[in-house]
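Peer 1: Starting off with a structure, shown below.
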Amino acid sequence: MTRLCAYVENPPAVLLSPRGARASAELSRRFANVRVCADNQEVLDHASMVIVAVHPQDRVAALTGLRLPDAREVVSAMAGVAIDGARTLLGTRAPVVRVIPLPAVRERGSVAVTCPRHSGVDTVFERPGGVLPVPDEATLDVFQTLTSTLSTHYRYLTTFTE
């Protein structure tokens, strides 16, 4: 099962699927607003905004069969999966916003690139480092391609310095 994350209210209640049980349990222990749900469907049933952060190759297994009401907001962090593809996979007409949260966002040191602009999503990603909305998916795909090379670049630098 793949982890889904949902922001329900402000300050956000965070609902996690049980995948990555150790990390989920640790987060729920550390933060009073984090709760681990029984499964992905329970996350969807109680969320107003759903963040789908699965590896693209795992998306069919993770999302097939889930029921997502059209009234939900969906944030897709699935690399290379277009908005229409995410919407089709989830069987919904819900708004879908693609996002590229760069690794430095963990330390509030980088913006999240989003498409299209969405005030609710922008509010969520402003807190950990800011938002850079781009005008279309083609532009987002360019950012995704460029940012995907960062890990390889850092591995190269580590190897070089060692």
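The values are calculated or read from the model by the stated rules, or taken from the named source; none is laboratory data. These figures come from a predicted structure and were not determined experimentally. FYI the Cβ positions are ideal-geometry reconstructions off the backbone, even for glycines, and counts take in every protein chain you see. Note: areas computed on protein heavy atoms with side chains; ligands, DNA, RNA excluded. Shrake-Rupley method; radii C 1.70, N 1.55, O 1.52, S 1.80 Å.
Peer 1: Given the structure, is His46 closer than 22 Å to Ser24 by Cβ, within 12 Å of the chain's Cα centre (by Cα), of a type outside the set (A, V, I, L, M) and surrounded by fewer than 19 Cβ atoms within 10 Å (Cβ to Cβ)? Steps first, please.
Peer 2: Numbers: closer than 22 Å to Ser24 by Cβ: yes; within 12 Å of the chain's Cα centre (by Cα): no; of a type outside the set (A, V, I, L, M): yes; surrounded by fewer than 19 Cβ atoms within 10 Å (Cβ to Cβ): yes.
So His46 does not fit the description; no.
Peer 1: If you go through segment 60-80, how many residues are in a loop (DSSP other than H, G, I, E, B) and surrounded by fewer than 19 Cβ atoms within 10 Å (Cβ to Cβ)?
Peer 2: Initially, segment 60-80 is screened for residues in a loop (DSSP other than H, G, I, E, B), giving 64-72, 77-80.
Then keep just the ones that are surrounded by fewer than 19 Cβ atoms within 10 Å (Cβ to Cβ); that gives 64-65, 67, 69-72, 77, 79-80.
Residues that pass the stated criteria total 10.
Peer 1: May I ask you to verify whether Thr92 is open to solvent by 70 Å² or more (accessible area, probe 1.4 Å) and hydroxyl-bearing (Ser, Thr, Tyr)?
Peer 2: Working: open to solvent by 70 Å² or more (accessible area, probe 1.4 Å): no; hydroxyl-bearing (Ser, Thr, Tyr): yes.
No.
Peer 1: When you check Arg87 against the structure, is it in a helix (DSSP H, G or I) and over 15 Å from the mean Cα position of the chain (by Cα), yes or no?
Peer 2: Values: in a helix (DSSP H, G or I): yes; over 15 Å from the mean Cα position of the chain (by Cα): no.
Criteria not met by Arg87.
Peer 1: Against the definition (among the aromatic types (Phe, Trp, Tyr) and surrounded by 11 or more Cβ atoms within 10 Å (Cβ to Cβ)), how does Phe160 come out, yes or no?
Peer 2: Numbers: among the aromatic types (Phe, Trp, Tyr): yes; surrounded by 11 or more Cβ atoms within 10 Å (Cβ to Cβ): no.
Criteria not met by Phe160.
Peer 1: Tell me, yes or no, whether segment 130-153 has at least one residue that is surrounded by fewer than 18 Cβ atoms within 10 Å (Cβ to Cβ) and within 23 Å of Val43 (Cβ to Cβ).
Peer 2: Taking every residue of segment 130-153 in turn, none turns out to be surrounded by fewer than 18 Cβ atoms within 10 Å (Cβ to Cβ) and within 23 Å of Val43 (Cβ to Cβ).
Peer 1: Tell me, which residue of segment 108-121 that is outside any strand (DSSP E or B) and surrounded by 16 or more Cβ atoms within 10 Å (Cβ to Cβ) is modelled with the lowest pLDDT?
Peer 2: First pass over segment 108-121, keeping only residues outside any strand (DSSP E or B): 108-111, 116-121.
Now restrict to residues that are surrounded by 16 or more Cβ atoms within 10 Å (Cβ to Cβ): 110-111, 116, 118, 121.
Values: Ser110: 77, Val111: 85, Pro116: 96, His118: 93, Val121: 90.
Checking each candidate, the answer is Ser110.
Peer 1: Criterion first (open to solvent by less than 50 Å² (accessible area, probe 1.4 Å) and either at pLDDT below 85 or within 18 Å of Leu16 (Cα to Cα) (or both)) does Ala53 satisfy it?
Peer 2: Values: open to solvent by less than 50 Å² (accessible area, probe 1.4 Å): no; either at pLDDT below 85 or within 18 Å of Leu16 (Cα to Cα) (or both): yes.
Spelling it out, it is not the case that Ala53 is open to solvent by less than 50 Å² (accessible area, probe 1.4 Å) and either at pLDDT below 85 or within 18 Å of Leu16 (Cα to Cα) (or both).
Peer 1: Here is a follow-up. Given Arg98, Arg72, which one is under 18 Å from Pro116 (Cβ atoms) and at pLDDT below 90?
Peer 2: Values: Arg98 fails: at pLDDT below 90.
Matching residue, one of Arg98, Arg72: Arg72.
Peer 1: Inspect all residues belonging to segment 6-23 and state whether any of them is among the aromatic types (Phe, Trp, Tyr) and at pLDDT below 85.
Peer 2: Here is the first cut: in segment 6-23, the residues among the aromatic types (Phe, Trp, Tyr) are 7.
If we keep only those that are at pLDDT below 85 as well, we get 7.
Yes: segment 6-23 contains one or more residues that are among the aromatic types (Phe, Trp, Tyr) and at pLDDT below 85.
Peer 1: Being closer than 29 Å to Ala138 by Cβ and of a type in the set (A, V, I, L, M) narrows it down to one residue among Ala62, Ala25, Ala21; which is it? If you could, list the steps in order and put the result at the bottom.
Peer 2: Details: Ala25 fails: closer than 29 Å to Ala138 by Cβ; Ala21 fails: closer than 29 Å to Ala138 by Cβ.
None of the others qualify; the one that does is Ala62.
Peer 1: Something else about it: If only one of Val131, Val50, Val111 is closer than 25 Å to Thr147 by Cα and touching a residue at least 40 places away in the same chain (Cβ under 8 Å), which one is it? So that I can check it myself, show each step before the final result.
Peer 2: Working: Val131 fails: touching a residue at least 40 places away in the same chain (Cβ under 8 Å); Val111 fails: touching a residue at least 40 places away in the same chain (Cβ under 8 Å).
Residue meeting the stated conditions: Val50.
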